[in-house]
Every structure is written in C-alpha cells, then in structure tokens.
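Below: one structure, written as structure tokens.
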Amino acid sequence: MRSISTPDELQRLHFELSAAELRQLPSDRGREVAFAGRSNAGKSSALNAITGRKGLARTSKTPGRTRLLNFFRLDAGPALVDLPGYGYAKVAAEVRAGWDELLGGYLKKRRSLYGVIVIMDCRHPLTPYDRMFLDFCRAARRPVHVLLSKSDKLTHSERLKTLRTVERALAAQSADFSVQLFSAQNGEGIDAARAVIRDWLGLAATMDKKSPGNKGKDSGAHE
C-alpha cells in the first residue's frame, strides 16, 4: 500500500447543508470544488479517502441514491460539493430531469466553483454519460480533473494504457482537463488528487516533501 500524507485542513471539513433546488444553495462566496461521476464509479469513496474522513460522504450500494448537492465547508471558507451521480438509467425520468436542472444551473452559474473532480471507473472510462458531462463542463468553462478510480482492479500495464488513452481524449477536448489514476482501496493517487484540490481551494501546500507518497510516476498525475 502506498503512503498517504495527512490531509490537514481537508480533514476539518464539516457538513454544511444539502440543496434540492438552486434557491437552497448557500451564498456564492469563497471557493468550491465539486465531485461528480457516473453512479457507482466510486465518487463518495474518493471524497472520503481524499479528505481522510471515512464517513464524510455517504456511500451506498444503490446507484443513483445521492439526489442532492451536499456542501462540506472548511470553517467559513472553501467547500467541497458532492453532486448527484449521473447516468443511472433506472432513476425515474422526472427525478433525472430535476437533477439535470439542479446540476446544470450549478455548473453554469456558480461563481465560487473553481473546478470539478470527475470520477470514472478505470475499467469503463469515457462512457457516453461521461463524455456528455465533460462536454457540459467544457461549455461552462469549468476545469476538470479526472480520477480513474478503482485502479487496483487493473494490472500495472492496463492502468498505464488506460491512463494514456484518457489523456489523449481529454487533451483533444480542453487544455483545462487533466487525469490521473486513483484507488481509494490501496491509496494510489490520493496525494496527487489532494494537491489538485488544495490548489483549486487556495490552500497552502503542506505535504511533507520528504514523503512524496503516491505522487510519483505511477500515480499518473497529469499537470
């Protein structure tokens, strides 16, 4: 298992509120980083691993269960936002329409949003739903950092092949898109993802330079 540095400020994040409608969003202040991904891609597990808070975001074996925008704030400062999972076909059409309105409005209009972390299962990246979401982020001019989750499920050569394929696809879409390998299970890429988020949130880097952890070449960090 790769070493994981202490998340410091991110570990002090606390639940602020859940919003089912745009009018319920907190005041548009400070900086926010949103977590998005196809249902069952490991979004909640990634958020918990990066913040070092095991139960910060609720994980569920039922895809499509997250139906709200959940805000986790650091004191009175920056926040992480857990977005509803997208692309789950069994969710009723009227519910999906509500999610689309909520997500679309947030991504298009939120001034505090500095970037979006998109989680994709590394065994099935760039699904049609993933591509649609990336297209939306590009149109909204939102920077995106992709985490290829569950990388522990692939061999080393398979991980690198997938990483390079997704790198090329993202580069063709936007210079503001980047990607890395990630596993909440064995810790791969957690430090690299944390560094991106801290930068977007405007937090000073406090990672121990003597213990670079998993930010080496195998993490697949693409900056």
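What follows draws every value from the coordinates through simple rules; no lab data is involved. Small disclaimer: the values here were computed from a predicted structure and weren't measured. Note that we place each Cβ from the backbone using ideal geometry, even for glycine, and neighbour counts take in every protein chain shown.
Quick notes on this structure:
- In order through the range 190-198: 3J(HN,Hα) via Karplus (6.51 cos²θ - 1.76 cosθ + 1.60), integer Hz, x for Gly, Pro: 5, 4, 5, 5, 4, 5, 4, 5, 4
- For the range 137-149, 3J(HN,Hα) per residue [Karplus equation, 6.51 cos²θ - 1.76 cosθ + 1.60, θ = phi - 60°, Hz, x = Gly/Pro]: 5, 5, 5, 7, 6, 9, x, 10, 10, 8, 9, 7, 6
- Projected label distance in nm at Asp199 and Glu158, using a 7 Å step from Cα toward the beta-carbon: 3.0 nm
- Vicinal HN-Hα couplings computed from phi for the range 173-187 (Karplus, 6.51 cos²θ - 1.76 cosθ + 1.60; Hz; Gly/Pro x): 8, 7, 6, 8, 9, 9, 8, 7, 7, 7, 8, 6, 6, 10, x
- Residues whose amide H comes within less than 5 Å of that of Val146, counting only those at least five positions distant or on another chain, are Val118, Ser178, Val179, Gln180 (H built at 1.01 Å from N in the peptide plane).
- Distance (nanometres) between label positions extended 7 Å along Cα→Cβ at Leu68 and Arg23: 1.8 nm
- Placing R0 at 22 angstrom, the Cβ-Cβ distance between Leu126 and Asp176 gives a FRET efficiency of 0.80 after rounding to 0.05.
- Violating pairs (Cα-Cα greater than 30 angstrom) within the set Lys43/Lys109; Lys43/Lys108; Lys109/Lys161: Lys109/Lys161
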